[in-house]
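Notes for the one structure printed next.
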Amino acid sequence: MSIDVITEYINSYGYIILFICLFFGIVGIPAPEESLLFLTGILISHHHLAMGSALVYSELGAFIGMLTAYYFGKYLGKPFIDRFGRHIGLTKEKWSVIENRYKANARKAITFGFYLPGVRQISPYFAGIAHFPFRQFFLFSLIGSVIWTIPIILAGYYTARVIYINPKYVPYLGVFLFVLYLVHLLWKKIIYKNKRKQK
């Protein structure tokens, strides 16, 4: 999507476009949201967007997306697993193990999972299904969304002030980061297998 198309959408519908994109990025299909945030910073640097409004709408989109996914998990996910889990091999015993493991790492997953594609989409659903305390979820997801959206937007802003970046190439950044993440996971898996063989 070109800079002209994005600015046209924002001029037509306002900053709500940033909110909607990040909201559905958390609740819906995983997408390169980092690219959008980085591009937002570039657009701010080019004076197409205002810093304050862009930060607020981006943060709210991610944060409210987390809260929505949490409630979907809490009120729809648990009954679904109880009713259909056994058909996909997810017995109550297996789910109990998964739930306990998640609860042990929930705070880190909620706060820092924003930086991991896929984790930021799954984590709020898991928190809801596992009935992770809402007040804690609220706090950690708020902190996580702030330390995810703002630094990436600022990175785009200050990078664009130092060197010229053609906005049309920014979406490829998200693809690159996702591929890098997959390579990292593959590398960890290979190392883990080698360690098991050595034992």
Exercise for review: Give, in nm to one decimal, the length gained when the segment between I150 and F134 is fully stretched (0.36 nm per residue of separation minus the Cα-Cα distance).
Suggested key: 3.4 nm
Exercise for review: Pop a pseudo-label 7 angstrom from the Cα along the beta-carbon direction at both Y71 and H47 and give the gap in nm to one decimal.
Suggested key: 4.2
Practice item. Calculate, for K188 and Y158, the FRET efficiency according to 1/(1 + (r/R0)^6) with r their C-beta to C-beta distance and R0 25 Å; round to the nearest 0.05. Key: 0.20
Check your understanding: Tell me, L55, L36 in order of fewest to most beta-carbon neighbours within 10 Å?
Key -> L55, L36
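Every read-out reported here was derived from the displayed coordinates using simple, explicitly stated rules and does not represent laboratory data. Computed from a predicted model, the values in this text were never measured in an experiment. When we count neighbours, we look across all protein chains shown, and the Cβ atoms used for this are built from the backbone with ideal geometry, even at glycine.
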